[in-house]
Amino acid sequence: MEQHEVDALSEALSHAATSVLRAPTPDQGLGTTEEVLTRIVEVAAQRVPGADGAGITQTDRGKVTSRAPSSDWVADLDAAQAELDEGPCVDAGHRDEPTHVEAIDLDDETRWPRWRPRARAAGVRAMLSYAMGPPDAPVGSLNLYSFTPGAFSEAGRVTLEVFALQAAIALYGASRAEGLDIALGNRDQIGQAKGILMERHGVDGERAFRMLVEASQQSNIKLRDVAGWLLEEHRRRSDEGTGS
């Protein structure tokens, strides 16, 4: 890589970090996952030379979905790859494929025989997809489209790889937060169930929890489901008692 490319790359990465991590407002943190992904896509399209469009695709149980496309035509080409089950996004979205997939000039490509004509009809000549697959989340890729053949330099590839990492981190954080929400919800539900047993049987919290655990083990039903059933049964009794 030439020194001027290194300098340009350093400047791009610095700008990217500032732009992507800048909060929408001082009080809103980074925003929602979709807002973060949208900023990543927007900045990637702006900062990688040659890029005319960008987006993120995820592959979950064989189904490809498009997220945060920079334009309608990007969304259409992402959808076409999902429909035809072929294209750079699809290849990059498989864990056993290389880290990135590049189409230098679609006019010379023999891969993706069904998808390629659709891309060419939209004016796309080159594409670059970088894999991302945070643990416990669907695999996918960050993708750049270009109307110019051979549009992406080595510096551009490295820059896009960094953006793909940022997107993977955002998705990983979202999956962890979702799991935490579920865990907190389960904890609240179990706490309410304990309260019902404490009131109903005159026992302390430890004994009430042991009752829930024993019921879970004996019935081979998850603890959260036992708690949920108890809450529902308590609500039913309350409704019957009030005649509602």
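The values are calculated or read from the model by the stated rules, or taken from the named source; none is laboratory data. Because the structure is predicted, anything quoted here is derived from the model rather than measured. Neighbour counts are summed over all protein chains in view; Cβ atoms, including those assigned to glycine, are modelled from backbone coordinates with ideal geometry. Ligands, DNA and RNA are excluded from the accessible area calculation, which covers all protein heavy atoms including side chains. Shrake-Rupley method; radii C 1.70, N 1.55, O 1.52, S 1.80 Å.
Things worth noting here:
- Extension gain for Glu34 to Asp204 (0.36 nm times residue separation, less C-alpha to C-alpha distance): 56.7 nm.
- Two-site FRET efficiency, Glu42 against Thr110, from Cβ-Cβ distance with R₀ of 25 Å, rounded to 0.05: 0.15
- Near Ser70: Cβ cut-off under 15 Å, other residues only, Lys/Arg at +1 and Asp/Glu at -1. The net charge is -4.
- Gain in span if fully extended, Asp188 to Ile221, counting 0.36 nm per residue against the direct Cα distance: 10.1 nm
- Full-stretch length increase - Glu102, Glu154 - with 0.36 nm per residue and alpha-carbon distance subtracted: 17.6 nm
- If you sort Asp239, Asp78 by accessible surface, 1.4 Å probe, largest first, the order is Asp239, Asp78.
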